[in-house]
Amino acid sequence: MSEFFSQFGGEIAELTLEHLWLTGAAMLFAALIAIPAGIWLTRSPAWAKPVLGLANILQTIPSLAMFGFLLPLPWLGDRAARIAIVALTAYALLPILRNTYTGIRAIDPSVVEVARALGLTDWQLLVKVQLPLAASFILAGLRTATVTCVGIATIAAAVGAGGLGELIFRGVASVDNRLVLAGAVPAALLALVADAALGLIERWCKVPTARVAHP
Amino acid sequence: MSQAVEFRNVSFATSVTPQGRLLLDGISLTLEEGTTTAILGRSGSGKTTLLRTVNRMLEPTNGDVLVRGENIRGANLIQLRRGIGYVIQETGLFPHFNVERNVGLVLEAQGQPRADRIRRSHELLATVGLDPAPFAQRFPHQLSGGQRQRVGLARALAAEPKILLMDEPFGALDPLTRAEMQDMLRDLMARLKKTVLLVTHDLDEALFLAHRIVLLDQGKLIANLAPREFVASRQPEIVSYIQAFHRGERSATPEATK
C-alpha cells in the first residue's frame, strides 16, 4: 500500500489540483453567467420559462456525449481543458439560474413593495434587499452545481482534460482497482468537502424568520 | 391652508379586459396640508388603489395627481417617493436588517453618513415609543406586531416626508394594541403636522384620527365629510356603512334581546 502511494501519491495530488481547477473555473464562469441571468429573469418573467427550459435541456445531455459534441468545435477543441470547462459550466448553469430566480421571487412581496415605495433605486433594491434575502437560495444552487460538477469532471478525462478521472479510466483499462479507487476516493472527498463548506456558508446567510414575540 | 395632494378626475382601469375594470372612477379630492384624511369603503372599492397613485406605485389611467401643486406624472420617481412616507399592514420590514438599520434605510439610500443615520433612527424610535437601548439592535422577527408597526412608522418618517401614506397600518393588531397605536399616532400627527392619507376598514379609527372622511364605493367618491358631518349624514350609503359597523353592540344591548 505504501509502495502504491510512493509511486502514485504525487500524481494523485497533481490530478486532484487539476480536478479542482477544472471545477473551480467552471463554477466561476457558471456563477458569472447564471446569477446575473437569474436576476434578469426576475425582471423579465416572460423569459423565465424558455430560458429555464433551455438550461434544463443542457442538463439532460449525457456528459460523455456533451464532451463529444464539443470536441470538433474550433478553438474549443484545441485544448481538452477548454472543452471540460465549457461542458461543466453548462451543467452548472441550471441549479444556479433556477435558485437565483426562485430565491428572488420567494422574497415577501411586501418587503419589495416597501423598498420601492421608500425610493430605493433598482440597484439599491437588488444589492441591499433582494440579493441578501436570496443569498441562501443562491448558495444552495451553487452547492448543488459544485457537487454535480465534481462528479462530472471525472468524465473529462475521456477527452484528455485530466483530473482524477484519469486514474479511474486507467484503472478500468488495466483492471487495477487500486487505481480506480485512487481516483474515485479523492473525487468523492472533494465533493463532500465542497458540499459541507458551502452548506456552512449557506446556513450563515439564512435570514431569521421565526416569529418570537418578546414580552 | 395649502394643498398637499390633489386628485384631479383620477381614473384607474385594469387591463384585464379590453375596456378594463374601473377601479377608480373620476376621483377628485384635495388633501389640505397638515390634515389626516381617512378613506373608507368595502374591499375592492379602490381605497388602496387611490393611495398608491400618490407615490406612483400605480399610474392613473386618466386624470392627474398633484403633490404640493406639482403634477407628479413627470416627476423624478425616486425623489418623489423619498418625500412620501409609506406604511402598510404587513409592515414590509427588512428581515435581514436590525431595527436601527430598517429605520435608517432611506437615509442610507440617500448616502447619509452612518453616525447621522444611527442618531436619527434612535431619535425616531423614541418618537414612536420604542426605547432604542433594547430595540435598535433587535431584528424584526424578535418584535411583536405592535412593535413592528412602530418600527414601520419610524422608518416612514426617517426622511422627514411631508406626506404619509398609511394602508391599514393597524389592521392586523388586537384591539388594545390598536388603540395604543392610534393614541400614539394621534399625538404624533398633532406634533409633526404631516399630511396623512389613511386607508382603513375601521370606522372608529377613521373618526378618531381623521379630519376628513372619504367614502369610496366601486371606485367612485361617495362622500368627503368632516367626522361630525359623516356620523350625522342621512346619505343612504353612509347610513348603511355606519349601521354595518355597530351591529354587534346593538344586538347585545338589553332592549334588542326582548
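Results, tabulated for the structure shown:
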item	result
Chain B, helix-only ellipticity at 222 nm - DSSP H runs n ≥ 4, -39,500 (n - 2.57), divided by all residues, nearest 500	-11500 deg cm²/dmol
Cubic angstrom per residue, convex hull over Cα atoms of region B:197-258	105 Å³
Estimated FRET transfer efficiency when R0 is 22 angstrom, pair A:Ala65-A:Val172 (beta carbons, to 0.05)	0.70
Choice from A:Gly103, A:Gly163, A:Gly68 showing the highest fluctuation, given a GNM over chain A with Cα pairs closer than 10 Å	A:Gly68
Relative contact order (%) - chain B, alpha-carbon pairs under 8 angstrom, separation at least six	25 percent
Descending principal axes extents, chain A, alpha-carbon based, whole Å	67, 49, 23
Average partner coverage of A:104-115, which counts Cβ from other chains inside 10 Å	4
Fraction of antiparallel bridges per DSSP, region B:91-234 only, in percent to nearest 5	50 percent
Relative contact order for region B:1-123, counting Cα pairs under 8 Å that sit 6 or more residues apart, in percent	23 percent
Angle in degrees between helix A:48-60 and the longest Cα principal axis of chain A, rounded to the nearest 10	20 degrees
Choice from A:Thr42, A:Thr60, A:Thr23 with maximal GNM fluctuation in chain A (Cα, 10 Å cutoff)	A:Thr60
Rounded to whole Å, sorted largest first: equivalent-ellipsoid semi-axes of region A:115-167, Cα gyration tensor	41, 10, 5
Relative contact order (%) - region A:103-167, alpha-carbon pairs under 8 angstrom, separation at least six	27 percent
Choice from B:Leu209, B:Leu23, B:Leu192 with maximal GNM fluctuation in chain B (Cα, 10 Å cutoff)	B:Leu192
For residues of B:92-100, the mean tally of beta carbons on other chains within 10 Å	5
Viscosity 0.692 mPa s, 37 °C: Kirkwood-radius Stokes-Einstein D of the protein assembly as shown over Cα pairs, µm²/s	124 µm²/s
Gyration tensor (alpha-carbon) shape descriptor, chain B, a/c threshold 1.5	oblate
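Values quoted throughout were computed directly from the atomic coordinates according to the rules given, and no laboratory measurement underlies them. Since this is a predicted model, take the numbers as computed values, not measurements. Neighbour counts are summed over all protein chains in view; Cβ atoms, including those assigned to glycine, are modelled from backbone coordinates with ideal geometry.
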